[in-house]
Amino acid sequence: MRYLNKIIFLNSAHIPYAEVKLDGNVHFIGTQGVGKSTLLRALLFFYNADKLKLGIPKEKKSFDAFYFSYSNSYIIYEVMRENGAYCVVAAKSQGRVSFRFVDASFERDWFINEHNEANVSVENARLPRKSPSMRCIVTLSSATTVSRT
């Protein structure tokens, strides 16, 4: 059975770094402005990917502007399946949000260097390359182009 195991924010939505485990029952409790809706919209985006149906009021920043305001803003979704985990990396590339599918469990050092700084862009991230345990990394964007790296 597949399920969303974890969501990771990196320089996204005013969150420098956060890993939220979603394995099991999850309850969001907190005062106004602590990020409950921010997290829920990111989850809804994973399942829906329609930025216009996330409940963001028109007077607020767009999804892209809020979640991906920097070249090193990422949302990483770790999905569990029968034979291990894979990740969906969402980041802004060439002015639009694109996705990379990585056939591996999330590793913090893909994005954070030895000085505890985030990589400048998804192109500079140290994502794993093809190996016997990897099928491929696929990049999808709103233009529906698919490329293998």
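The values are calculated or read from the model by the stated rules, or taken from the named source; none is laboratory data. Since this is a predicted model, take the numbers as computed values, not measurements. Note: ideal-geometry Cβ built from the backbone for every residue, glycine included; neighbour counts use all protein chains shown.
Quick look at the values:
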read-out	value
Any hit, the range 51-71, residues being of a type in the set (A, V, I, L, M) and under 13 Å from the mean Cα position of the chain (by Cα)	no
One residue from I29, I15, I75 being buried (at least 17 other Cβ atoms within 10 Å of the Cβ), β-branched (V, I, T) and more than 23 Å from R2 (Cα to Cα)	I15
Qualifying residue in the range 113-122 (condition: assigned to a loop (DSSP other than H, G, I, E, B), out of contact with any His (no Cβ under 7 Å at 6 or more places or on another chain) and at pLDDT below 65)	yes
Test: residue in the range 54-65 that is of a type outside the set (D, E, K, R) and assigned to a helix (DSSP H, G or I)	yes
Subset tally (residues that are touching a residue at least 40 places away in the same chain (Cβ under 8 Å) and outside any loop (DSSP other than H, G, I, E, B)) for the range 76-89	8
Filter pass, V102 being surrounded by 11 or more Cβ atoms within 10 Å (Cβ to Cβ), in contact with a Pro (Cβ under 7 Å, 6 or more places away or on another chain) and modelled with pLDDT of 65 or more	yes
Condition broken by S37, with the remaining ones in (1) part of a loop (DSSP other than H, G, I, E, B); (2) under 21 Å from A91 (Cα atoms); (3) hydroxyl-bearing (S, T, Y) satisfied	(1)
Single residue of the range 50-67 satisfying the filter (more than 13 Å from T38 (Cβ to Cβ) and surrounded by 14 or more Cβ atoms within 10 Å (Cβ to Cβ)) that is modelled with the highest pLDDT	D64
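So that you can scan it fast, the table gives a plain yes or no per residue for (1) touching a residue at least 24 places away in the same chain (Cβ under 8 Å); (2) touching a helix residue (DSSP H, G or I) at 6+ places or on another chain (Cβ under 8 Å); (3) hydroxyl-bearing (S, T, Y):
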{"residue": "I7", "(1), (2), (3)": "yes, yes, no"}
{"residue": "S12", "(1), (2), (3)": "yes, yes, yes"}
{"residue": "A18", "(1), (2), (3)": "no, no, no"}
{"residue": "D23", "(1), (2), (3)": "yes, no, no"}
{"residue": "F46", "(1), (2), (3)": "yes, no, no"}
{"residue": "K60", "(1), (2), (3)": "no, yes, no"}
{"residue": "Y74", "(1), (2), (3)": "yes, yes, yes"}
{"residue": "A104", "(1), (2), (3)": "yes, no, no"}
